[in-house]
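Let me begin by presenting the structure, written as structure tokens, before commenting on it.
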Amino acid sequence: MPPFPLLAPEQWRAPEEALRQMYAGAEARAIANADWYLADRVRKRVAARILRGLAIVLGAAGALQPLATAGSSDGSLAWGYVLLAAAAVCIAFDHFLGLSSGWMRDMVTTQRIQHRLVEFQLDWAAMNARDAIGPDQSSVHDYLALLRSFMSDISVITAEETSEWVSDFQTAVAQLNNPTGNR
């Protein structure tokens, strides 16, 4: 994530340039936030999906195996149990390694920290601006308020989407883990 432009009080003597720097910083942070979603989710998400996909395939194969060997009496039913056990091991790996749940917790925690960081940085910038140019420069404070609103909205939109995704994912996992198949 690019550093936020913390401007010294003397830089606020040219408020237009200072506001341009702050706008560029806010925009870069919003873009970095979106890019972070695309990049950071890969490792744990891919591993969790592979394990869950294997669990589904192995579970289905284990359940279908007795049907495939229904006409034979060679005792090959045991392979169905082996496949079902392998499916359970895949789910256990995901659970105990915390791949799915850890990634979701990391996402939510990071967003909360980023949201609070944005508020702090903008409060700091507003204090610097007030110290440098005084309270009579209301247009600068209006721009700072707009920056705060924009950055806060980006954080809230990101957090809301992640919360919805977490809820949907947890519902799907609960349904998958429900042994009776009730929904």
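The values are calculated or read from the model by the stated rules, or taken from the named source; none is laboratory data. Predicted, not measured: the structure shown is a model, and the values here were computed from it. We place every Cβ from the backbone using ideal geometry, glycine too, and count neighbours over all the protein chains shown. Keep in mind that these areas ignore ligands, DNA and RNA; they rest on the heavy atoms of the full protein, side chains included. Shrake-Rupley method; radii C 1.70, N 1.55, O 1.52, S 1.80 Å.
Miscellaneous remarks
- The chain, accessible surface, carbon-and-sulfur percent (1.4 angstrom probe): 63 percent
- Order of exposure, largest accessible area first, which applies to V173, V156 with probe 1.4 Å: V156, V173
- Positive dipole terminus of the chain, leading residue within V108, H95, Q170 (C-beta point charges): H95
- The calculated 222 nm mean residue ellipticity attributable to helices in the chain amounts to -29000 deg cm²/dmol, summing -39500 (n - 2.57) over DSSP H runs of n ≥ 4 and dividing by all residues.
- Value in Å of the Kirkwood radius, where region 86-157 supplies the Cα pairs that are averaged: 15.1 Å
- Among 2-10, 125-133, the order from most to least packed when residues are scored by Cβ within 10 Å on average: 125-133, 2-10
- Theoretical gain in end-to-end length, A63 to S76 [0.36 nm per residue, Cα-Cα removed]: 3.4 nm
- FRET efficiency, 1/(1 + (r/R0)^6) with R0 22 Å, evaluated for F96 and V46 via beta carbons: 0.80
- FRET E, pair D35, R112, Förster distance 25 Å, beta-carbon r, rounded to 0.05: 0.85
- Rolled with a 1.4 Å probe across the full set of protein chains, the surface gives T158 an accessible area near 20 Å².
- Simple Cβ-charge dipole of the chain, Lys/Arg +1 and Asp/Glu -1, about Cα centre, in debye nearest 20: 720 debye
- Helix 42-68 vs. the chain, principal-axis angle (Cα, 0 to 90°, nearest 10): 20 degrees
- Cα convex hull of the chain, projected area averaged across orientations, nm²: 13.1 nm²
- Projecting the Cα atoms of G53, P5, A32 onto the dipole axis of region 1-65, where Lys and Arg carry +1 and Asp and Glu carry -1 at the beta carbon, places G53 farthest toward the positive end.
- With K and R counted +1 and D and E -1, the other residues having a Cβ less than 9 Å from that of G98 yield a net charge of +1.
- The chain - accessible surface per residue (Å², probe 1.4 Å): 63 Å²
- Using C-alpha pairs below 8 Å separated by at least 6 residues, the relative contact order for the chain is 26 percent.
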